[in-house]
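Everything below concerns the one structure shown next.
Just so it is clear, none of the values below were taken in a lab; they were calculated from the coordinates. All values reported here derive from a predicted model rather than from experimental measurement. Using ideal geometry, Cβ is built from the backbone for each residue, glycine included, and neighbour counts are taken over all protein chains shown.
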Amino acid sequence: MVQRASQSLMEQGRTARQERRLEDARGFFLKALEACGCDDDHDPRMAAELHAELGYVTRVLHDERSAEAHYRQATEMFRALGDSYRTAHNMRHLADILRETGRPAKAAPYYNESIEFYRKSGEYPLQLANAIRGLALMQGELGDYSGSLQSWVEARALYLMVSVDAGVAESKKRIDDLMAHR
C-alpha cells in the first residue's frame, strides 16, 4: 500500500515536472519520499530515483544547496545499488553544481569518475560529451587552458558524432576563443 502511494506520488511529480510545474513536482517528490519511508532502507531504488528527481527540480528552481544534497544522495545510493550508469549521471550533475557555485576544484573528482565510466562503457557518447564539456569549463576556470582546449576538442567531436548542433557550436566558439588567447 505504501509502495503504491509513493509510486503514485512519484508519477504525479514526473507529470508536473514535464508540464513545468516545478513547485508542484517538488511537493509530490518530497511527499513520495516521506510516504515510502524511503529513509534509504525500505526501497532504496525508489529513494535514489526520488533524490535524483528532487536534484533536478531544485536545481531548475535555483535552490543549489538542496540540489547538491539530493544529487549527492542519489549518487551514493545508486553506487550502493551497483547502478554505474545512474551513479555517473548524477555525479556529473553534482560536479556541475559544484563548479557553478564556485567550487571547481571539488568538482574535478566527480567529472573524472563519470568520464571514466562513460569512456569504459563506450555506450553513451552524448553523456560523455556533456561530462567533458563540464570538465572543459572547470579546467578553464582553474586556468588550465591547454587542458580546457583539449577537452573542448574532444567534446566537439562527440557532439558532431551525435548531431547536437548546440554542443558543436558552443565547442567551436570555446575552441576559437582559447586559440585566440594562446
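Each residue of the range 107-113 was assigned a 3J(HN,Hα) from its phi angle through the Karplus expression (A = 6.51, B = -1.76, C = 1.60, θ = phi - 60°), giving 6, 3, x, 6, 4, 4, 5 Hz with x at Gly and Pro.
Using only Cα atoms, find the angle between the long axis of helix 145-161 and the longest principal axis of the chain, and express it within 0 to 90 degrees, rounded to the nearest 10. With both axes taken from Cα atoms, the answer is about 70 degrees. Positive-end ranking of Tyr71, Ile97, Ala5 along the dipole of the chain, with charges on Cβ about the Cα centre, is headed by Ile97. Going by neighbour counts of Cβ atoms within 10 Å, the residues Val164, Val60 line up, fewest first, as Val60, Val164. Spatial offset of the range 112-153 relative to the range 40-82 amounts to 23 Å, using the alpha carbon center of each. Each 10 Å bin from zero up to the one holding the largest Cα-Cα distance in the chain carries the following percent of pairs: 11, 32, 33, 18, 6, 1, 0.
Can you compute the charge dipole magnitude of the chain about its Cα centre, using +1 on each Lys and Arg Cβ and -1 on each Asp and Glu Cβ, nothing else charged? Give it in debye, rounded to the nearest 20.
In debye, rounded to 20, the chain gives about 380.
Dipole of the range 108-182 computed with +1 at Lys/Arg Cβ and -1 at Asp/Glu Cβ about the Cα centre; of Leu142, Ala169, Ile115, farthest Cα towards the positive end is Ala169. Against the longest principal axis of the chain, how steep is helix 44-60, in degrees 0 to 90 to the nearest 10, with axes from Cα atoms? Helix 44-60 and the main axis of the chain meet at about 60 degrees. For the range 55-106, the dipole from Cβ point charges (+1 on Lys and Arg, -1 on Asp and Glu) about the Cα centre works out to 140 debye, to the nearest 20.
Pairs of Cα atoms nearer than 8 Å and 6+ residues apart set the relative contact order; for the range 1-145 it is 14 percent. Put in order of Cβ neighbour count within 10 Å, fewest first, the listed residues Phe28, Phe117 become Phe117, Phe28. Scanning the chain for GluC sites (Glu not before Pro) lying in DSSP loops with no more than 15 further Cβ atoms inside 10 Å, the longest uninterrupted stretch between such sites is 20-122. Return the single residue from Ala166, Ala47, Ala95 with maximal mean-square fluctuation; model: Gaussian network over the chain, springs between Cα atoms under 10 Å. Taking springs between Cα atoms under 10 Å, the residue moving most is Ala166.
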